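All of the numbers you see were taken from the coordinates with simple rules; none came from a lab. Just so it is clear, the structure is predicted and the values come from calculations on it, not from any experiment. As a convention, Cβ positions derive from the backbone with ideal geometry for all residues, glycine included, and neighbour counts pool all protein chains shown.
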Amino acid sequence: MKINKEYLKRLLLYLKPYWKRIVLSFIAMIIVGALTSLTAYLIKPVLDKIFIAKDKKMLILLPFAVMATYFFKGLFTYIQSYQTAYVAENVLFNIRNQIFKHIINLPIDFFEKFHTSELLSRVLNDTERLQDTIARVMPEAIREFFTIIFLFIVIYTIDFKLALISTIVFPIALYPIVKFGKDMKKLGKKRQISIASITTLIQESFFNIRLIKGFIAEDKETEKFLKKSHEFLNINLKSFRISEITSPLMEFIGSLGIAFLIWFGGLLVFRGTISVGGFFSFMAGLFMLYRPFKTIAKASNS
């Protein structure tokens, strides 16, 4: 997520009145990250204590522990989501009003220079994108960052050697997200430009419809529209190709790493270095790392 310093300073001024809600949201993010990691760790005692050791006491305690973990995870996720949404909506409310007040007081020459569609985009679309950044992209990235930290603590606690190997192998599976994410970002910008170009062409054509009819220029305008529309089609198809190839490629690369970890982890189980529950808990923690890394990679390219 590339944000210049000036932009960040201005954004912080808007966020300052809501610092208490932001702090509460951060606390909730940390708790959600810890509880997410706890769900992976609980697999170890469930398998080792209940299904292998047949511990009746754990048979009573662990189901309640699992329910409590998911209950509080959902509760703090709600708290974090509501607080960030509250801040984002209020910040956008203030920014949108200031933009409109600023534009409406500009001289008439300004309105002759810029198209109405562009001004509408400034007031509505640009602020909506900012709202998405504040309410969803940034909070999700921060929350998943904490989740990654706690998940790494879990897997390194279970088995240091296995975790070290995974730390080396895991980034390879994430490479497609980073690579294709950058490509999608470039295409996203081209798509916005293409939509704006089509919108402007439609407005100009309908506004000047009498001139077009008078000069019998319908075919010429249609040809211009088809050209713009075809460019938009190609951008969308390229975006779709990149989007659809990312997941299969990641799954295949990931399957190679998983196959190796199953083989190596199986040897550790045979030697008694790690328990069955510990191995499955480790694998669960490793699988759960995929989503946070993917979320942060997407946020960095948004």
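When the chain is fully extended, how far beyond the present Cα-Cα distance does Val178 get from Glu231, taking 0.36 nm per residue of separation? Don't jump to the answer; show the numbers that get you there.
Values: separation 53, 0.36 × 53 = 19.08 nm, distance 2.55 nm.
Gain in length upon complete extension: 16.5 nm.
Taking other Cβ within 10 Å of each residue's Cβ, how do Ser81, Ser37, Ser247 sort, fewest first? Walk me through the intermediate numbers first.
Numbers: Ser81 18, Ser37 25, Ser247 13.
Ascending number of Cβ neighbours within 10 Å: Ser247, Ser81, Ser37.
Among the lysines, which fall within straight-line cross-link reach of Lys54, defined as a Cα-Cα distance under 16 Å, with same-chain neighbours fewer than 8 residues apart omitted?
Lys44
Test of understanding: extend the Cα→C-beta vector of Arg21 to 7 Å, then name every residue of the range 134-165 with backbone N under 17 Å from that spot.
Flagged as within label range: 134-140.
Helix-only estimate, please: 222 nm mean residue ellipticity of the chain, summing -39500 (n - 2.57) across DSSP H runs of length 4 or more and dividing by its residues, to the nearest 500.
Working: 12 runs with 254 residues, N = 302.
Result for the chain, helices only: -29000 deg cm²/dmol.
Efficiency by 1/(1 + (r/R0)^6): what FRET value for Ile149 and Arg10, r their Cβ-Cβ distance, R0 = 30 Å, to the nearest 0.05? Please report the intermediate quantities before stating the final value.
Details: r = 30 Å, r/R0 = 0.99.
So, using R0 = 30 Å, E works out to roughly 0.50.
Scan (i) 16.9; (ii) 21.0; (iii) 26.5 for the value of mean projected area of the Cα convex hull in nm² calculated from this model and give just the label.
Of the labelled values, this structure produces (ii).
Within a Cβ distance under 14 Å of Phe146, other residues only, what is the Lys/Arg minus Asp/Glu net charge?
On the way: positive: Lys73, Arg143, Arg291; negative: Glu140, Glu144.
Around Phe146, the surrounding residues sum to +1.
How high is the relative contact order of the chain, in percent, with contacts defined as C-alpha pairs under 8 Å that are six or more residues apart?
On the way: 243 pairs, mean separation 99.8, N = 302.
Relative contact order for the chain comes out at 33 percent.
At q = 0.23 Å⁻¹, what log₁₀ I(q)/I(0) does a Debye calculation on the Cα points of the range 160-273 give, no solvent, two decimals?
Debye curve over Cα of the range 160-273, log10 I(q)/I(0) at q = 0.23 Å⁻¹: -1.16.
For an R0 of 30 angstrom, estimate the FRET efficiency from the Cβ-Cβ distance between Ile245 and Ser197 and round to the nearest 0.05.
Working: r = 27 Å, r/R0 = 0.92.
Efficiency computed from Cβ-Cβ geometry: 0.65.
Report the extension gain between Leu256 and Tyr86 in nm, rounded to one decimal, defined as 0.36 nm multiplied by the number of residues separating them, less their alpha carbon distance. The partial results should precede the final answer.
Details: separation 170, 0.36 × 170 = 61.20 nm, distance 4.33 nm.
Between Leu256 and Tyr86, full extension yields 56.9 nm more.
List Asp183, Asp109 from most exposed to least, where exposure is judged by having the fewest other Cβ atoms within 10 Å. The partial results should precede the final answer.
Values: Asp183 16, Asp109 7.
If I rank by nearby Cβ atoms, fewest first, I get Asp109, Asp183.
Could you tell me which of the pairs Lys189/Lys227; Lys9/Lys101; Lys9/Lys189; Lys113/Lys228; Lys20/Lys298 are separated by over 26 angstrom between their Cα atoms in the structure shown?
Lys20/Lys298
I need Phe180, Phe279 ordered by Cβ neighbour count within 10 Å, fewest first.
Values: Phe180 20, Phe279 23.
Result, fewest neighbours first: Phe180, Phe279.
Can you give the relative contact order of the range 160-273 as a percent, counting alpha carbon pairs under 8 Å and 6+ residues apart?
49 percent
Quick one: net charge around Gly278, please, counting Lys, Arg +1 and Asp, Glu -1 for every other residue with C-beta under 14 Å from its C-beta. Please report the intermediate quantities before stating the final value.
Numbers: positive: Lys44, Lys49, Lys161, Arg271; negative: Asp48, Asp159.
Neighbourhood net charge equals +2.
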